1. Looking at the range 49-66, which of the residues that are part of a helix (DSSP H, G or I) and either basic (Lys, Arg) or farther than 15 Å from Val9 by Cα (or both) is modelled with the lowest pLDDT?
2. Test Leu76 against the stated conditions and say whether it is surrounded by 18 or more Cβ atoms within 10 Å (Cβ to Cβ), at negative phi and in contact with a Leu (Cβ under 8 Å, 6 or more places away or on another chain).
3. Among the numbered conditions (1) touching a residue at least 40 places away in the same chain (Cβ under 8 Å); (2) closer than 14 Å to Arg70 by Cβ, tell me where Arg45 comes up short.
4. I'd like the residue in the range 10-24 that is of a type in the set (A, V, I, L, M, F, W, C) and in a helix (DSSP H, G or I) and, out of all such residues, is surrounded by the most Cβ atoms within 10 Å (Cβ to Cβ).
5. Give just the number: which of (1) under 20 Å from His7 (Cβ atoms); (2) assigned to a helix (DSSP H, G or I); (3) at pLDDT 95 or above does Glu72 not satisfy?
6. Can you tell me how many residues in the range 40-69 are crowded, with 20+ Cβ neighbours inside 10 Å and among the basic types (Lys, Arg)?
Amino acid sequence: MTALEDHGVRQYAEGVLVGLKRCTLDAASDEIARSSQRHHLDSQRVAQALVRLAQDIDPEADSNATAVARFEWGALLAGRH
């Protein structure tokens with residue numbers, strides 16, 4: 001993945017949180033960063049997992065990041081249907 005694609009995934013993940021939580025982009029960015037730090041994972045991996053879960057795409061092989069995304073935002077994602 002290129003740096004531009006990485007940036008796009010991060011922006012999309014922030015947008016997911018803005019839509020789910022009705023927060024600002026800055027708050028969404030901070031939340032992704034804090035969650036990543038709390039679970040000792042790269043924020044890009046967590047953002048990618050959040051995007052995949054939001055799109056109902058099968059989780060990729062990065063089970064740690066998927067587990068973090070489900071733990072942090074799974075209840076919000078489940079309530080959107």
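The values are calculated or read from the model by the stated rules, or taken from the named source; none is laboratory data. Keep in mind that this is a model prediction, so the values were computed, not measured. Glycine also receives a Cβ, built like all others from the backbone with ideal geometry; neighbour counts cover every protein chain displayed.
1. Looking only at the range 49-66, we keep the residues that are part of a helix (DSSP H, G or I), and these are 49-54, 63-66.
Among the residues that remain, those that are also either basic (Lys, Arg) or farther than 15 Å from Val9 by Cα (or both) are: 52, 63-64.
Values: Arg52: 93, Ser63: 90, Asn64: 94.
The residue in question is Ser63.
2. Here the answer is no, as Leu76 does not meet what is asked.
3. Answer for Arg45: the failing condition is (1).
4. In this case the residue turns out to be Ala13.
5. (1)
6. Going through the range 40-69 one residue at a time, the tally reaches 0.
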